[in-house]
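Working notes for the structure below.
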Amino acid sequence: MNERLLLGRSIETGSWVHKLDARSKLTGMLLYVAVILLSDSWPSMALLAVFSIAVMASTRIPLKYFIKAAKPLRYLMLFIFIVQLLSVKAGDVLWSAGSFSLHEGGLRLASFSVIRMLFLITFTALLTFTTTPGKLNQGLEGILSPFKKFGLSPDRITLMISIALRFIPTILDESQIIMKAQASRGADLQELPLKEKARMLVSLLVPVISSAFRRAQDLVYSMEARGFRMDAPRSRYHRLRWGAADTVFVAMFVIMGVAVALL
């Protein structure tokens, strides 16, 4: 697998988090999102940081992998920080130059937005690092199964997610091959100025998208040839089992949410 792509990659270490039921980890992730939204002060952010690092360290996966998982979105986080900093005009003025000014409220909101996004990405990486795509889809299907009464198809949703996760590294590898082919013909992206890079990216997207559609069509033909039918009854190789450790794991997030709400 491409070493640059860490988000969505399973890293087996045999930790207690790896052995948990996928449903408990998905439930914990949903509760974690609620805790992030409740955190609106520096003490609550600090408590959330300690809790997050402790859970990530318990997986026995080096913390550098979680940081690398967030690295591809660093420019998006920088963009969000700058927009929030410049657009929010609340609180004391920290610096001003003519009509331009930076406010304490803008700095605070920008910092909170970036920290929340960083926490969300790294903890999403924890979910994918400790759970194989098959078990993750099975856990999601188990959580969504009660919604069958409302006409929702869990099988259809989990199939789409599974195919998307498996196509990401394939598309990245395909783009690397195309970039190397273009570089061998004298169109090296690394040596071109920024304006030319933008033009070259268009010529890169067309063959990548074309290849993705071709692979998707081949996959459809393969599934039809093997008699695949959506929503057909199927047996499971791995059965989900909810244990005491899963209850403790979910309870940790509930307690964390109460603690953050009280700060």
Mean Kyte-Doolittle of at least -0.5 plus a Cα span of 30 Å or more along the axis: flag which DSSP H helices in the chain meet both, please. 104-129, 154-184, 194-225
Run the reach check for LYS180 against lysines, Cα to Cα strictly under 17 Å, same-chain hits fewer than 8 apart removed. What comes back? LYS197
For the pair ARG166 and ILE67, how long in nm is the line joining their label points, each one 7 Å along Cα→Cβ? 3.5 nm
Run lengths n ≥ 4 of DSSP H only: what is the helix-derived mean residue ellipticity at 222 nm for the chain, with -39500 (n - 2.57) per run over all residues, to the nearest 500? -23000 deg cm²/dmol
Relative contact order of the chain, please, whole-number percent, based on alpha carbon pairs below 8 angstrom and at least 6 residues apart. 33 percent
Dmax and Rg, reported as Rg then Dmax, of the chain (C-alpha, Å): 22.4, 70
Under DSSP loop assignment and at most 11 Cβ neighbours within 10 Å, longest trypsin sites (Lys or Arg not before Pro)-free interval of the chain: 90-184
Using a 1.4 angstrom probe on the protein heavy atoms only, line up THR170, THR247 by accessible area, largest first. THR247, THR170
Name the residues whose placed amide hydrogens come within less than 5 Å of the amide hydrogen of LEU94, ignoring near sequence neighbours (fewer than 5 apart) on the same chain. LEU102, HIS103, GLU104
Compute, for LEU263, the solvent-accessible surface of its heavy atoms (probe 1.4 Å) with the complete set of protein chains present, and express it in square angstrom to the nearest 10. 100 Å²
In a Gaussian network model over the chain where Cα atoms closer than 10 Å are linked, find which of MET230, MET29, MET45 has the largest mean-square fluctuation. MET230
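The values are calculated or read from the model by the stated rules, or taken from the named source; none is laboratory data. A quick note: this is a predicted structure, and the numbers were derived from the prediction, not measured. Cβ coordinates were reconstructed from backbone atoms using ideal geometry, including for glycine residues, and neighbour counts include every protein chain displayed. All accessible areas refer to the heavy atoms of the entire protein, side chains included, with ligands and DNA or RNA removed. Shrake-Rupley method; radii C 1.70, N 1.55, O 1.52, S 1.80 Å.
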